[in-house]
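Q: Just passing along the structure, written as structure tokens.
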Amino acid sequence: MDWPQLLEALEREPAGWEDEGDDRPQPGDPGGAGLRADPAPEAAIEGAERRLGTTLPQSYRQFLLHSNGFSCFAHGHHVLPVQEVKWFSEENQEWIDDFQGEGGGEDVADEQYFVYGDDQDPGHVRVEYLPHCLQISEEYDDSVILLNPKVKDAKGEWEAWFFASWLPGAHRYRSFRELVEEEARTRQE
């Protein structure tokens, strides 16, 4: 699917959506602004790259060019507009320290770490990567969506994490696009 199709799939009601007390926009809300935001101008993306001192991965850039933020994304998160993304350690050093103190991510071998999909163990996280991750969602229910520049594929795509204190650890994806495709797939079921 191309990005417009993926975003359309994401606007479908999430499977098992039952939290009627949640004040987040929901698919099909009459009079609501919808879940996706207006596209980010290229200048806003470039400005964020300068501010962050990095080049954002292509799949995340493509997402932003179609929707500069998104309400009710994976696990109920709001994906932040590019102007608001920040390094995870900027506001979450205590969370990183707590995770390290709990023994999270202890010396994970490549054979364990580079397992994705249903067979991965969320506890197989390399805690040394956390301070380098980019936080692209607001914190919600003690969880965030992160992009990890320490693990890149041949195309320069960064690994994407759904990181939560209650996992403990992360569900990891080879790229932001893979995370989006998985979320779109679950909404089609």
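Q: Against the 2.2 N^0.38 Å scaling, with N counting residues, where does segment 40-189 land? I'd like the Cα-based Rg ratio to two decimal places. Write out the running numbers ahead of the final one.
A: Values: Rg = 14.6 Å, N = 150, 2.2 N^0.38 = 14.8 Å.
So the Cα radius of gyration is 0.99 times the expected 2.2 N^0.38 Å.
Q: Quick one: Arg61, Arg172, Arg12, fewest Cβ neighbours within 10 Å first, how do they rank?
A: Ordered by Cβ neighbours within 10 Å, fewest first: Arg12, Arg61, Arg172.
Q: Summing Lys, Arg as +1 and Asp, Glu as -1, what charge do residues with Cβ under 9 Å from the Cβ of Tyr113 carry, Tyr113 excluded? If you can, show how the numbers build up before the last one.
A: On the way: positive: Arg126, Arg172; negative: Asp110, Glu111.
Surrounding charge for Tyr113 is 0.
Q: Go through Gly156, Tyr116, Ser89 and say which Cα lies farthest out towards the positive end of the charge dipole of segment 81-177; charges sit on Cβ, +1 for Lys and Arg, -1 for Asp and Glu.
A: Farthest along the dipole direction, towards plus: Gly156.
Q: Hey, another quick one. Sum up the charges of everything whose Cβ sits under 14 Å from the Cβ of Gly47, counting Lys and Arg as +1 and Asp and Glu as -1, but leave Gly47 out.
A: Residues close to Gly47 contribute a combined charge of 0.
Q: Ranked highest first by the average count of other Cβ atoms within 10 Å around their residues, in what order do 129-137, 150-158 fall?
A: Top to bottom by mean Cβ count within 10 Å: 129-137, 150-158.
Q: Name the long-range amide H neighbours of Gly169: under 5 Å, sequence gap of 5 or more, or other chain; modelled H, no Pro or chain starts.
A: Placed amide hydrogens put Ala164 under 5 Å from Gly169.
Q: Where does the charge balance sit around Arg177 when Lys and Arg score +1, Asp and Glu -1, over other residues with C-beta under 15 Å from its C-beta?
A: Every neighbour counted, the sum reads -2.
Q: Could you pull out every residue, at least 5 positions away or on a different chain, whose amide H is within less than 5 Å of the one on Asn68? Hs are placed 1.01 Å off N in the peptide plane, and Pro or chain starts have none.
A: It is Ala37, Asp38, Ala40, by chain and number.
Q: Each residue of segment 121-127 in order: what ³J(HN,Hα) in whole Hz does its phi give by Karplus 6.51 cos²θ - 1.76 cosθ + 1.60, θ = phi - 60°, with x for Gly and Pro?
A: 9, x, x, 8, 10, 8, 4
Q: A further question on this structure: For segment 146-159, in order, what is each residue's ³J(HN,Hα) by Karplus, 6.51 cos²θ - 1.76 cosθ + 1.60 with θ = phi - 60°, in whole Hz (x at glycine and Pro)?
A: Karplus-based 3J(HN,Hα) across segment 146-159 equals 10, 10, 10, x, 7, 10, 10, 8, 4, 8, x, 6, 8, 5 Hz.
All of the numbers you see were taken from the coordinates with simple rules; none came from a lab. Everything numeric here is computed off the predicted structure, so don't read it as measured data. As a convention, Cβ positions derive from the backbone with ideal geometry for all residues, glycine included, and neighbour counts pool all protein chains shown.
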